[in-house]
Structures are given as C-alpha cells and as structure tokens.
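To start, the structure itself, in structure tokens.
The values are calculated or read from the model by the stated rules, or taken from the named source; none is laboratory data. A quick note: this is a predicted structure, and the numbers were derived from the prediction, not measured. Note that each Cβ is placed from the backbone with ideal geometry, even for glycine, and that neighbours are counted across all protein chains shown. The area values use the complete protein model at the heavy-atom level, side chains included, leaving out ligands, DNA and RNA. Shrake-Rupley method; radii C 1.70, N 1.55, O 1.52, S 1.80 Å.
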Amino acid sequence: AVVDLAGVELRWWDLHLRVAHRAGAGAGASRPVVAVRVVGTDGSEGFGECAALAAPTYSEEYAAGAWDVLRHHLVPRLLAPGPPAAGQPTGSASGPPSGEPAGTPAAPWLAAARAVQQLLAPVRGHAMAKAALELAVVDAVLRRQGLSLAEALGVTATTVEAGAVVGFHDDEASLLAEVEELAAAGYRRVKVKIGPGWDRRPLAALREAFPTLGLQADANGAYRRADRGLLQRLDDLQLLCLEQPLAPDDLLGHAELAATLRTPVCLDESLTSVAAVAGALQLGACSVVCVKPARLGGLAPTLDALAWCRTAGAGAWCGGMFESGLARAANATVAALPEMTLPGDLGGGDHFAEGDPCGALPVDRGRARLWRQPGVGPAPSPAAGAVSGQVTWVTGG
C-alpha cells in the first residue's frame with residue numbers, strides 16, 4: 001500500500017442544507033457526504049470527504065455512486081500491495097507537468113498524493129471519489145509529521161478573503177435583501193446564480209444598490225450559443241467574471257463567446273482535469289479558472305492546474321461544493337495560494353441543518369480563518385456518528 005495502510009473506513013453522513021440551494025439544475029436540500037478515514041499500520045489516521053452531490057446534476061458523479069466506486073474499485077487499488085500501476089498522468093505532456101519546480105524532490109505529503117493518483121489512475125473518471133482518498137492520505141501524512149497543509153504549501157497568512165454564493169430568488173427584493181446581509185457581514189465578493197429570464201435585471205439591480213461590491217455571475221451552463229446577445233447585455237455591469245455560461249463540453253462555443261465579451265469568461269464544470277484546464281486556456285475558452293480540488297481529483301492536480309494558470313497569466317479562484325469543515329479548511333488554504341486572484345467560495349460554512357460533523361469553517365467579517373494545526377483540516381467529531389447512515393471497513397489482501 002502507498003502509505004502502509006491497515007484499512008479504510010467509509011462513512012455515510014446523511015446531511016441536509018439549512019436552506020435549499022437553487023441553481024440552474026434545480027433546487028436541492030439533501031446533502032449526503034461520503035467521508036473517508038484511512039488508518040495506518042502504526043495507528044495513524046487521516047480524513048477526507050467526497051464532494052459529489054446527491055444527484056448527478058453538477059457532474060456525472062453523485063454520492064451513492066461514489067460510495068460504490070470507492071468500496072469496490074478505488075479503495076482496493078489503494079490497499080493493493082506492490083508498486084503503483086501504470087496509469088494516466090495527472091499533468092499534461094504539452095506543458096507544465098506539475099505544480100513544483102522541475103528537479104525539486106517532492107515533499108512527503110505531495111509524493112504520497114502523487115502515488116495515490118498513480119494507483120487510482122486506471123479507473124477512469126470519478127475525480128471526486130479519488131480526491132477523497134487523496135485528501136485522507138495527505139491528511140494522515142501531515143498529521144504524522146505535525147504539519148498543517150498551510151505550512152506544507154508555504155502559506156503564512158492566518159486568514160483569507162471569503163466570497164459568498166447566492167442562489168436563485170423569486171424576486172429582486174429578496175435577492176437584494178440577502179446580498180445586503182452579506183455585505184453587512186463583511187463579504188466583498190458575491191456570486192449570483194443566473195439563467196435565461198433571471199440575468200440582466202437582477203444583476204443590474206444589485207450593481208445599482210452595491211456599486212463597489214465584487215459581483216460574479218454563475219450560469220452553470222444554462223445558456224446556448226444562440227444566447228450570445230443576452231450575455232453581451234451583461235458587459236456594462238462590471239462583473240468580475242461570467243462563470244460557465246455554456247454547456248460543459250462546448251469549449252469552442254466558450255472560446256467564440258469569450259472573444260465577443262468584455263466580461264472575463266470563467267469555466268467550472270468544463271474543467272474536469274489538468275489537461276482540460278490546459279486545453280481551455282490554450283483555446284481561449286476562458287481567462288479565469290474556477291479551481292475545485294474535488295472536481296480536479298485532489299490537491300496534487302490542483303497544484304498542476306494552478307501551474308497552468310500561472311503560465312497562461314489566467315485568473316483563478318477556489319470553488320466550493322457545500323463541503324464539511326474538513327474539505328472547506330483545505331479549500332481555504334488552497335484559496336490563499338498566490339495564483340488565486342479572486343476570493344473563493346468559502347462563505348456560509350454553517351450550512352448543514354444537523355450541524356457540521358467537522359465544525360464549520362470560521363468566517364469573520366468576510367475572511368476565513370486558515371487551519372494551522374496538523375493535517376488538512378479538523379477531524380470529524382465523535383458525535384458525527386449520529387448523522388451517519390452506514391459505515392464500511394475495507395482492508396487489503
């Protein structure tokens with residue numbers, strides 16, 4: 001096994017959002033989380049979580065499917081004896097191969113992360129499930145070394161600016177009221193979900209009411225190429241970026257759209273791998289990248305994606321998936337890296353009706369506090385079992 005593991009525990013947290021989130025794919029309040037605990041032969045342990053949602057609406061991955069692929073395919077590969085099997089590299093052969101300088105020996109946590117990536121590479125796709133295992137292994141290595149992820153990445157800050165996310169509203173008045181609360185709480189960047197019929201008017205109302213607020217618009221792929229005129233009408237609103245306006249697989253359409261807009265185009269759902277990030281940037285499909293460690297498959301590919309952003313001079317920010325405080329802590333640390341040019345989706349961490357199994361990411365006056373203790377973030381509390389629907393223990397052999 002890659003780090004002398006005795007076994008892996010999968011735990012199902014049956015959670016729910018306090019308020020249903022409304023985006024282009026519909027509204028949803030159910031938030032099951034597949035949590036991962038790796039245990040070393042020396043008794044050390046590390047924790048991770050899978051960001052896949054309840055239904056395959058954001059991407060093809062969903063929580064129940066992630067549980068299955070982890071249980072029957074990924075965990076057995078992680079625990080299999082012997083050297084890593086040959087598989088798909090996490091970087092791209094046509095550009096920066098990794099996020100660390102060439103010839104620099106990888107730190108133990110990063111070497112372990114890349115070994116996990118190589119072990120799991122023969123299984124196609126399932127990036128979020130793979131990211132959960134990688135996060136747990138990295139957490140175990142860092143806890144054993146007594147290092148925080150921030151220390152491992154050279155992040156010296158104690159806080160990082162957090163952005164807030166606002167879903168669809170029934171009317172402009174309620175939208176303005178929510179954003180006013182967020183601005184009063186100290187948030188200087190708010191991302192607003194948009195779609196055909198809910199775009200120009202609400203955004204214009206927000207810009208008039210909050211002339212200095214950083215505004216982003218996220219379409220979650222709700223528009224088509226024929227809607228270019230609708231999106232051009234947003235150009236005078238000084239948006240930080242327009243996120244994922246077209247379908248995830250329409251990179252050519254995004255490149256054509258980006259050439260006609262003054263507003264920077266950002267991609268999210270389209271960027272399912274480091275190679276996809278490299279291709280989108282080279283094609284001109286975006287000039288801003290939403291970096292989600294879970295969607296990219298883990299921390300190691302996240303560093304590789306940021307290397308591409310740095311090389312291309314592209315903007316970047318860290319997205320979120322309504323994770324627990326564990327993954328949010330890791331995201332906050334990633335959001336503090338120098339390649340990140342915009343605030344990440346780190347606000348509103350106390351979003352679970354049952355309470356966060358790991359404790360919500362602390363945010364005060366629009367700034368998230370970085371995790372400075374050993375590991376990637378806070379371990380789940382013993383009380384987390386109260387919201388668990390199933391526990392499975394997997395061993396090698």
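Brief remarks follow.
- DSSP assigns beta bridges within the chain; of those with both partners inside it, close to 60 percent run antiparallel.
- Look at the alpha carbon pairs under 8 Å that are at least 6 residues apart: their mean separation over the length of the chain gives a relative contact order of 23 percent.
- Hz values of 3J(HN,Hα) by residue in segment 168-184 - Karplus curve (6.51, -1.76, 1.60), Gly and Pro given as x: 5, 10, 6, 7, 5, 4, 5, 5, 4, 5, 5, 5, 4, 4, 5, 5, 5
- Partner lysines whose Cα lies under 25 Å from the Cα of K130, excluding those fewer than 8 positions away in the same chain, are identified as K292.
- Based on protein heavy atoms only, the chain ends up with 39 Å² per residue of surface accessible to a 1.4 Å probe.
- Exposed loop sites, defined as trypsin sites (Lys or Arg not before Pro) outside DSSP H, G, I, E and B with at most 16 other Cβ atoms within 10 Å, are absent from the longest region of the chain, namely 1-123.
- Dipole of the chain [Lys/Arg +1, Asp/Glu -1 at C-beta], most positive-end residue of L234, G197, A307: A307
- No Cys partner within the rule (Cβ under 4.7 Å), the chain: C50, C286, C290, C309, C318, C358
- Whole-percent pair-distance distribution, where bins are 10 Å wide, for the alpha carbons of segment 199-339: 12, 41, 34, 13, 0
- Only Lys, Arg (+1) and Asp, Glu (-1) charged, at Cβ; the chain dipole about Cα centre in debye: 400
- Of the labelled figures (i) 21.0, 58; (ii) 20.1, 63; (iii) 23.6, 77, only one reflects Rg and Dmax of the Cα atoms in Å as derived from the coordinates, namely (ii).
- For segment 30-42, Karplus couplings with θ = phi - 60° (6.51, -1.76, 1.60), whole Hz, Gly/Pro x: 5, 9, x, 10, 8, 9, 10, 10, 9, 10, x, 5, 8
- Residues whose amide H lies under 5 Å from that of V265, counting only those 5 or more places away or on a different chain, are L242, S287, V288; hydrogens are built 1.01 Å from N in the peptide plane.
- Rounded percent of accessible protein surface that carbon and sulfur make up, the chain, 1.4 Å probe: 53
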